[in-house]
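The values are calculated or read from the model by the stated rules, or taken from the named source; none is laboratory data. No experiment lies behind these values; they were computed from the predicted model shown. Backbone-built Cβ (ideal geometry, glycine too); neighbour counts: all protein chains shown.
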Amino acid sequence: MEADKQFLEMIVKNIVSNPNDVSVDRTVDEMGVLLTLKINPADMGYVIGRKGQTAQAIRTLLKIVGAKNNSRVNLKIYDPEGGARRAPRPSDERVKEMAEVDTSALDDLNI
């Protein structure tokens, strides 16, 4: 029964900007069903959502679909970059440079 795979593909393809890049691998073992979702890296934010809320909602819906079919369904979102998306923080030297900006030209303004 691959209703869970089709359900996941339908939801994700309607969320992302690159629906042709969506693929789902389905494996079954003693722990239940594992759906591995692969998407375009540019769409990762759409699927995960703010603070993971969208991903959690999708997982909840998959649990309902699994319960209906008497199986346990888990979702893994494949991330080839390993989740390292945040911009690096400025170094201490860069922070000092930013603090030493000359603002004397603004002193004569009558604002």
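Could you tell me how many of the residues in region 61-76 are among the β-branched types (V, I, T) and either in contact with a strand residue (DSSP E or B) (Cβ under 6 Å, 6 or more places away or on another chain) or modelled with pLDDT of 95 or more (or both)?
1
Say whether the condition of being on the phi > 0 side of the Ramachandran plot, exposed (fewer than 15 other Cβ atoms within 10 Å of the Cβ) and of a type outside the set (D, E) is met by at least one residue in region 3-24.
no
When you go through (1) within 15 Å of the chain's Cα centre (by Cα); (2) among the hydrophobic types (A, V, I, L, M, F, W, C); (3) surrounded by 12 or more Cβ atoms within 10 Å (Cβ to Cβ); (4) outside any strand (DSSP E or B) one by one for A42, which number turns out not to apply?
Answer for A42: the failing condition is (3).
So which pairs qualify, if the first residue must be in region 33-50 and over 13 Å from D79 (Cα atoms), the second must be β-branched (V, I, T) and part of a strand (DSSP E or B), the Cβ gap must be under 9 Å, and the two must be at least 6 apart or on different chains?
Matching pairs, first to second residue: V33/T27; V33/V73; L34/T27; L34/V28; L34/V73; L35/V24; L35/T27; L35/V73.
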